[in-house]
Amino acid sequence: MTPTTQGAIVLVVTLVVLLSGTPVAFGLGAISIAFILIFQGVDAMHVVAETFYAGLNDFTLVSIPMFVMMGAAIGSSPAGRDLYEALDRWLYRLPGGLVISNLGACAIFAALTGSSPACCAAIGKMGIPEMRRRGYPDDIATGSICAGGTLGILIPPSITFILYGIATETSIGRLFLAGLLPGLMLTGLFMLWTLFIIWKRGFRAHAAHFRYTWTQKFQSIPKIAPFLAIVIGVMYVLYGGIATPSEAAGVGAALCVVLAVIIYRMWRPVQWWTILRDTTRESVMILMIIAAAVLFGYMLTSLYLTQTLAQGIAEMHVNRWVLMGMINVFLLVCGFFIPPAAIILMTAPILYPIVKAAGFDPVWFGVILTINMEIGLIHPPVGLNIYIVSSIAPDVPVTRVMWGTIPYVICMMLQIVILCLFPEIATWLPDHMMGAKH
């Protein structure tokens, strides 16, 4: 049987298993073991345990549960509500100021948690009911939260960047810096679209004479300022060469837990149990996917499937931008069906040598890949953020939520085009802060 035929069989079986609802880690692990047995025999099974262990035997992975705990501590506290209220008091005079506030809160909360679902749920629980109460159209209220939630995997610290860095041996510090400007730019694009559509519909959330006093504005800052200081501090020690990502994540997580206890009086054991439970659940899920994806990658390599695919693409002799367009379409289609963590761990080792051979910067490509993953989070049929928002506003039809996300999907596609035309938007900051790569 040729590698092409084997590859087609692996592709079909993988899609069937993942679309069946099987947990990603167990699905990838079972597929890997099955194909190793079928094509290489029982003698090859001795590598399964070694490969699975090797996938987790990396000190960098310590940063994942630490960043997850950082997000869980903030997500379990009223920090999201306070952040949302603070921004509303400062931005209420803008057309659609409440939506702008939600998008701004999502961007900042993304930097605090690094998790799109957590960001979407935390801001959405306060933002969506309040926007609907003030008369905002349902498609704008829900679509903006869906889109804003995706910023959690682009604005650093981002678990997505950590996974990509591990899978491709790319500097995680560079990836974090590379995601900052595109993340802020994408937030700006979301806000510009919101301003335009609200202005076009002639909508006002507040009466013309309504005002917040300066006292009310400044009263909203003290509770959220310490958390923002932690994020700035983590980024400073990370990029200042003071600490590794794992060390910075550990200190950040510890400080976030301490602040949650001090500021929000989270003394009760049940509140601590919630933080530890959420951290353990998400961390184990991610680490299991990583180990299973490494085993899956070993299976693909041992059957010469990745080499055959890379050679086939190289022999196409197409323009490198046509190649990049094909990769983007491939990633978009994957994002419709498979969670971001699984896509990155499955495809990055395959795409990395192809992208590098075509002359593209791997750090820049990490940002492009992440934006594609963002689109998958708000695009059916998986569209995780869509279903989170639907659970918050169950009386809004899912189709209306989906239509509300379409303009923001277009904004993300526009951001990809802008980054292709001006890659320096992603590469300038890491080169400036950490020195140009040689």
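We did not get these values from a lab; they are worked out from the coordinates using the rules stated. All figures in this text were calculated on a predicted structure; none of them were measured in a lab. Here the Cβ is made from the backbone with ideal geometry for all residues, glycine too, and neighbour counts use every protein chain on show.
Quick notes on this one:
- The mean sequence distance of close C-alpha pairs (under 8 Å, at least 6 residues apart), as a share of the length of the stretch 7-434, puts its relative contact order at 27 percent.
- Nearest 10 degrees, 0 to 90: helix 172-201 Cα axis against the chain principal axis: 50
- Degrees separating the helix 159-168 axis from the principal Cα axis of the chain, which is the longest one: 20
- The protection proxy used here, the mean number of other Cβ atoms lying within 10 Å of each residue, ranks peptides 370-377, 133-140 as follows, highest first: 370-377, 133-140.
- Straight Cα distances below 17 angstrom link K223 to the aspartates and glutamates D82, E85, D88, with same-chain residues fewer than 8 positions distant left out.
- Tilt relative to the chain, helix 24-40 - C-alpha long axis, 0 to 90 degrees, to 10: 10
- Straightening the chain between E169 and T2 buys 57.1 nm, computed as 0.36 nm per residue apart minus the Cα-Cα spacing.
- Once C-alpha pairs closer than 8 Å and six or more residues apart are averaged by separation and normalised to the residue number of the stretch 1-102, the relative contact order reads 11 percent.
- Mean shadow area of the stretch 1-92, taken as a quarter of the surface of its Cα convex hull (nm²): 10.6
- Correct option for volume of the Cα convex hull per residue in Å³ [calculated from the coordinates] among (i) 138; (ii) 150; (iii) 206: (ii)
- Rg(Cα) / (2.2 N^0.38 Å) computed for the stretch 154-273, rounded to two decimals: 1.43
- Where the Cα pairs of the stretch 379-438 fall when distances are cut into 5 Å bins, in %: 4, 15, 17, 14, 10, 10, 10, 10, 6, 3, 0, 0
- Three-way shape label, the stretch 94-169, alpha-carbon gyration tensor, a/c 1.5: prolate
- Largest GNM mean-square fluctuation across Y164, Y236, Y387, computed for the chain with C-alpha springs under 10 Å, falls on Y236.
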